[in-house]
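Data block below; observations after.
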Amino acid sequence: MKSADTDQLPIDLNDLVSAVESLPPRYRAELEKPLNRVVEYTRRRRRILNLIQEALSQLRMDMKYMMFDLEATRRERDEYKNSSDGGFSDS
């Protein structure tokens with residue numbers, strides 16, 4: 001593993017990578033393949049989590065815009081009702 005690759009990993013996983021890298025070649029060969037799968041799974045999970053967080057943030061922003069638009073539409077509707085009812089009151 002390259003040190004740049006391990007920068008994005010949790011500290012415990014970095015420690016495990018370092019420990020496996022310091023093993024004798026015979027033992028290291030047995031552990032590298034499953035360890036690489038765990039590292040890739042962790043990176044993929046982090047990317048997915050980041051995408052989800054970005055999507056939620058965008059959804060929150062979209063909801064704020066929609067609420068603003070809804071309130072503006074309600075105000076416009078009420079103003080229109082008040083202006084059109086002004087001269088045609090039943091009272």
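The values are calculated or read from the model by the stated rules, or taken from the named source; none is laboratory data. Everything numeric here is computed off the predicted structure, so don't read it as measured data. Ideal geometry is used to build each Cβ from the backbone, glycine not excepted, and the neighbour counts take in all protein chains shown. In case anyone asks, the SASA skips ligands and DNA or RNA and just uses the protein heavy atoms, side chains included. Shrake-Rupley method; radii C 1.70, N 1.55, O 1.52, S 1.80 Å.
Descriptive notes on the structure:
- Residue check, residue 47 open to solvent by less than 100 Å² (accessible area, probe 1.4 Å), assigned to a helix (DSSP H, G or I), at pLDDT 95 or above and farther than 18 Å from residue 11 by Cβ: no
- Scanning the stretch 50-66 for residues that are under 24 Å from residue 10 (Cα atoms), open to solvent by 90 Å² or more (accessible area, probe 1.4 Å) and of a type outside the set (A, V, I, L, M, F, W, C) yields 53, 54.
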